[in-house]
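The structure appears right after this line, and notes come after that.
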Amino acid sequence: MDLQQVMRDAVAPRPRVARPIILIGAGGIVHDAHLPAYAKAGFPVLAVVDPDQEKAHALAAKFGIAKVAQTIEEAIRYAPKDAVFDCAAPSPAHPAILEQLPDGAAVLTQKPMGETLAEAEAILAICRRKGLTAAVNFQLRYAPNMLAAKALFNTGALGELHDIEVALSCHMPWELWSFLNKAPRLEILYHSIHYVDLVRSWFGNPLGVYAKTVKSPRTAHLAATKSVITLDYGESRRVFIAANHSHDFDPKMQRSFVQWEGLNGAMRAQMGVNRNYPIGLPDTLEYIVRGDGGWKDAPVSGNWFPDAFLGSMGSLQAYVQGEAPTLPTSVEDAIDTMRTVEAAYLSSERGGVPLP
C-alpha cells in the first residue's frame, strides 16, 4: 500500500455546488481564516453584518462581498432560501442570533458552544426547537495534517492506538481578542477545547477528566491561560494535553504538536499556527512504521489556518445537500465536547487529592 498516496488523497467533504453564505460577524477570525478559506474553495459569500459597520465595510471591500447589512434581520431578508449562515460572533451572542434565523436553516456557529455547559444546552435546545441543521466550528479535525494522520491510521499501519499527547509551549497574543479581557474562563474554553474535540474524534467520550488550569504572571489580568488535562480512557490508553501560552522566549524551544503512538508506529503533527500567531509556521506531519526505516515526512498541503475552515463549512454544506452521510461537528456531537470541557473546569476547581 502506498501510504504517501493515501495521505495525499485525504480531504474534507465539500459540496459539489456550494451554497451562498451569509456571514454574521466581521472579527479577526473571519478576516484571517473564514474568508481566505472560502475564497480558496470558491464558496460564495453574499453578505456580511456586524455592529461595527466600519469593520464590516472594510471586510466587504477587501473580499468582494456585495452586501453589508446593518442588522441581522436585514441580512436574513437578503438571504436566499438555500443560504448557509456563518455565525462568527462572540459566544454569548449566539442564542439571540439563532433565535432570529429562519426555522430549518443551516448554520455554522463559532466555537465554543456557549461559555458554560448550561449555555451549550440552551443553544442545543434552540437548534432542536427550530429544526436548525447546526454545526460548531471545531475545525482542527479538518486541518490537512490531521486529515492525513487519520487516513494513515485507517490503513492499519500503526496498529492499535494507545497514546495521544498534545503539547504546547508558545506565546499567544490574547490581546488580539478584547472580549477575552473579562472572560471568567479562557484557556481550556477558547483554545484547548480544540484538542479536547480532536481527541474525542479519535477515541470518543472519555470516562472522566483530571485537569488543572492556572493563571500566568505574565497575563495576570486574564483568567487562566495555562492548563494540564488528562482524559481517562481506561487502563490501556494515555491522553494528555499540556498548554502553556506564556513561553515568549527564543522560538527555538517553542513547541506545538499532537503525537499519536500505536503498537506498530507513531505520528507527530506540528501545528505551526501557534508559533508566531497569527502568521504561523507551516504545518507538518511525520510518521514512523516499525520495520520500515526511520521517521518520514508525510505529504501535507495547507495549514490549520485557513484550510481547516474549508472542512467545517464544506462538511456542513455537503451534509445539508445529502452528499455526506454524517455531520461530525453537529451540535449533537459538540455538546459532548462541552461536557468534557465542563468536567475539566470542575476537576480544576475541586483540586487534587491531599497528601496522606
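Coordinate-derived values only; no laboratory data. Quick caveat, the model's predicted, so the values are computed rather than measured. Reconstructed Cβ throughout: ideal geometry from the backbone, glycine too, with neighbour counts over all protein chains shown.
Go through Val196, Ile164, Asn154 and say which Cα lies farthest out towards the positive end of the charge dipole of the range 152-212; charges sit on Cβ, +1 for Lys and Arg, -1 for Asp and Glu.
Farthest towards the positive end: Val196.
For the chain, which semi-axes, largest first and in whole Å, follow from the square roots of 5 times the eigenvalues of its Cα gyration tensor? Present the calculation step by step, with values, prior to reporting the outcome.
Details: eigenvalues 203, 123, 81 Å².
Over the Cα atoms of the chain, the semi-axes work out to 32, 25, 20 Å.
Do you know the relative contact order of the range 71-141, to the nearest whole percent, from alpha carbon pairs under 8 angstrom that are 6+ apart?
Result for the range 71-141 is 33 percent.
At 25 °C and 0.890 mPa s, grab the translational diffusion coefficient of the range 203-290 from Stokes-Einstein with a Kirkwood Rh over Cα pairs, rounded to a whole number in µm² per second. Don't jump to the answer; show the numbers that get you there.
Numbers: Rh = 15.3 Å.
It comes out at roughly 161 µm²/s.
With springs connecting C-alpha atoms under 10 Å apart, model the chain as a Gaussian network and identify which of Ser227, Ser256, Ser236 has the largest mean-square fluctuation.
In the Gaussian network model the winner is Ser236.
About the Cα centre of the chain, what is the dipole size in debye to 20, counting +1 per Lys and Arg Cβ and -1 per Asp and Glu Cβ, all else neutral?
That gives a dipole near 200 debye.
Taking neighbour counts of Cβ atoms within 10 Å as a proxy for exposure, in what order, fewest first, do Trp202, Trp295, Trp260 appear? Mind dumping the intermediate values first?
Numbers: Trp202 17, Trp295 11, Trp260 21.
Final ranking by Cβ density, sparse to dense: Trp295, Trp202, Trp260.
Using a Gaussian network model on the chain with a 10 Å cutoff between Cα atoms, which of Arg238, Arg14, Arg129 fluctuates the most?
Arg129
Could you let me know the centre-to-centre spacing of the range 336-355 and the range 254-329, using Cα atoms, in angstrom?
27
Give the order of Val136, Val17 when sorted by the count of other beta carbons within 10 angstrom, beginning with the fewest. Before the final figure, lay out each step's value.
Numbers: Val136 28, Val17 10.
The fewest-first ordering by Cβ neighbours comes to Val17, Val136.
Report the net charge of residues surrounding Ala56, where surrounding means a beta-carbon distance below 14 angstrom and charges are Lys +1, Arg +1, Asp -1, Glu -1. Let's see the in-between values first.
Details: positive: Lys55, Lys62, Lys67; negative: Asp50, Asp52, Glu54, Glu74, Asp86.
Overall, the nearby charge balance is -2.
Step by step: find N for the range 264-356, compute 2.2 N^0.38 Å, then divide the Cα radius of gyration by it. What's the final number? Mind showing how you got there, number by number?
Numbers: Rg = 19.1 Å, N = 93, 2.2 N^0.38 = 12.3 Å.
Relative to the 2.2 N^0.38 Å estimate, the range 264-356 comes out at 1.55.
Sorted from fewest to most neighbouring beta carbons within 10 Å, what does the list Leu161, Leu152 look like? Walk me through the numbers before you get to the answer.
Numbers: Leu161 17, Leu152 24.
By the 10 Å Cβ count, ascending: Leu161, Leu152.
Sum up the charges of everything whose Cβ sits under 11 Å from the Cβ of Pro206, counting Lys and Arg as +1 and Asp and Glu as -1, but leave Pro206 out.
Summing Lys and Arg as +1 and Asp and Glu as -1 gives +1.
Give, as a single signed number, the net charge of other residues whose beta carbon lies under 14 Å from the beta carbon of Ala88, with Lys and Arg counted +1 and Asp and Glu -1. Spell out each step's value before the answer.
Values: positive: Lys55, Lys111; negative: Asp32, Asp50, Asp52, Asp86.
That sum, taken over residues with Cβ under 14 Å, equals -2.
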